[in-house]
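I have placed the structure first, in the form of structure tokens, so that the comments after it can refer back to it.
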Amino acid sequence: MGIPLLQKAFVGAYVVRQHLAGRSRYPLVLMLEPLFRCNLACAGCGKIDYPEEILNQRLSVADCLGAVDECGAPVVSIAGGEPLLHKEIDEVVAAIVARRKFVYLCTNGLLMKKQLARFKPSPFFVWSVHLDGDEDMHDHAVCQSGVYARATEAIREAKTRGFRVNINCTLFNNADPERVANFFDAISELGVDGITVSPGYAYERAPDQTHFLNRNRTKTLFRDIFRRGRGSRAWAFSQSALFLDFLAGNRDYRCTPWGNPTRTIFGWQRPCYLLGEGYAKTFRELMDETDWDAYGTGNYAKCADCMVHSGYEATAVQDAIRHPWKALTVALSGVQTDGAMAREISLERQRPAQYVFSRHVEQKLAEIRKPETHSKALAPACKRA
Ligand code: SF4
């Protein structure tokens, strides 16, 4: 089972409480990025090309827990960068688990086996290991050989020690459905508890811009994959049935970017995990002062091809709460993989892309360099004193 009953019950109760309180916008998953530094340099990654001074920054344990408390989401996904490069990440995880929130610790798996002893198995804690396909596919995607072998070795060891382990798999336009299906079979045999699958988002700063999926290709690819995953081959996806149905082109959902708010060393990122168009100092400021209608497919050119879970999973969960019979139908009969697709959102009125990201990086660099300049300026005065 991709999402255990305990987690479904906790998250379901949280969502019902938000609806009863009359809240139309609320977070489901906090995306916590305590650092951008990574020990890989994947071609499809939009996070690793920061200057060294930014890559050297970390959110402290207090900053991480402050974000968790301020946001209140029942699930926290710790990403990066590579979170296992953060020296206090075990403390962060333990403190979030103690708050009875579900923690997904995303990792490329390279340091995982060595660091398993820093963590304790818990129903509230999940290793989420990045694997973009079989050995050749994955090592090609992460631009380094041997990564798949080390990650799967760590997964085996983690399962032996009683941890919950998921994989997160990002697919690009060169994905072959049969090969992806075979990979899901193999990874299921390894004993993973869940599979999170996502189409690659076209990060404007990713080194490889040629392999991102558009929405039509995404829907066809997922239909071709899901068609192969029926009967005895059924896979445990760690995503809602309606989100998977959306990926296969059967739902015309609108993005819910506030469902997965993102906290990084820059602050609370606007509007979502994928786009850095500005930063709020507090979670409240993010929720109240972001022009949410300016984003989403059909509203903004950078969102045109997006079908990523960080934007659309929360939409699917809200739909399931409002229309449980829809979710039940898909859960019982499976995702529809043929027939007409839902109407696509028109892009005619979308506003053009703005390229504002470098400004935030420059601002942060100025903040980091300020104390240095200040202490250099003070030094001669101290000597004179
Ligand atoms: S569609 Fe939503 S999740 Fe996707 S990039 Fe735009 S705002 Fe972010």
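The translational diffusion coefficient of the chain, from Stokes-Einstein at 10 °C and 1.306 mPa s with a Kirkwood hydrodynamic radius over alpha carbon pairs, comes to 73 µm²/s.
Spin-label model, A301 to R369: label points 7 Å out along the Cα-to-beta-carbon direction sit 3.0 nm apart.
The calculated FRET efficiency for D293 paired with A340, based on their beta-carbon distance and R0 = 35 Å, is about 0.75.
Cβ-Cβ distance of R284 and L347, R₀ of 25 Å, FRET efficiency by 1/(1 + (r/R0)^6): the value works out to about 0.20.
Result for the chain in a Gaussian network model with C-alpha springs under 10 Å: among Y148, Y201, Y355, the largest mean-square fluctuation is at Y355. Ligands, DNA and RNA left out, the accessible area of the chain computed with a 1.4 Å probe is 52% carbon and sulfur.
When the pairs K120/K159; K120/K281; K47/K87; K8/K114; K120/K364 are compared against a 24 Å limit on Cα-Cα distance, K120/K281; K8/K114; K120/K364 fall above it. The calculated 222 nm mean residue ellipticity attributable to helices in the chain amounts to -12500 deg cm²/dmol, summing -39500 (n - 2.57) over DSSP H runs of n ≥ 4 and dividing by all residues.
Among the complete DSSP H segments of the chain, which ones combine at least 27 Å of alpha-carbon extent along their axis with a mean Kyte-Doolittle hydropathy of -1.0 or more?
Values: long enough: 357-384 (42 Å, -0.94).
Flagged H segments are 357-384.
The residue among V330, F246, L32 whose Cα reaches farthest toward the positive pole of the charge dipole of the chain, with charges on the beta-carbon of Lys, Arg, Asp and Glu, is L32.
W235 sits with roughly 30 Å² accessible to a 1.4 Å probe, with DNA, RNA and ligands left out of the calculation.
Taking a Cβ cut-off of under 10 Å around Y279, the surrounding Lys, Arg, Asp and Glu residues balance to a net charge of +2, with basic ones at +1 and acidic ones at -1. Computed about the Cα centre, the dipole magnitude for the chain is approximately 900 debye when only Lys and Arg (+1) and Asp and Glu (-1) carry charge, each at its Cβ.
If you plug the beta carbon distance of K8 and Q354 into 1/(1 + (r/R0)^6) with R0 = 45 Å, you get a FRET efficiency near 0.70.
First select every other residue whose beta carbon is under 12 angstrom from the beta carbon of L84; then total the charges, Lys and Arg +1, Asp and Glu -1.
Neighbourhood net charge equals +2.
Taking springs between alpha-carbon atoms closer than 10 angstrom, which of Q363, Q350, Q57 fluctuates most in the Gaussian network model of the chain? Sorting by GNM fluctuation, first place goes to Q363. Relative protection proxy for 323-330, 223-230, from highest mean packing down: 223-230, 323-330 (other beta-carbon atoms within 10 angstrom). Electrostatic bookkeeping for T220 treats Lys and Arg as +1 and Asp and Glu as -1; over the other residues with beta carbon under 12 Å from its beta carbon, the sum is +3. Taken per residue, the accessible surface of the chain reaches 45 Å², heavy atoms only and a 1.4 Å probe.
The values are calculated or read from the model by the stated rules, or taken from the named source; none is laboratory data. Keep in mind that this is a model prediction, so the values were computed, not measured. Because the Cβ atoms are built from the backbone with ideal geometry, glycine has one as well, and the counts that use them run over all protein chains shown. Surface accessibility is based on the protein's heavy atoms, side chains included, excluding ligands, DNA and RNA. Shrake-Rupley method; radii C 1.70, N 1.55, O 1.52, S 1.80 Å.
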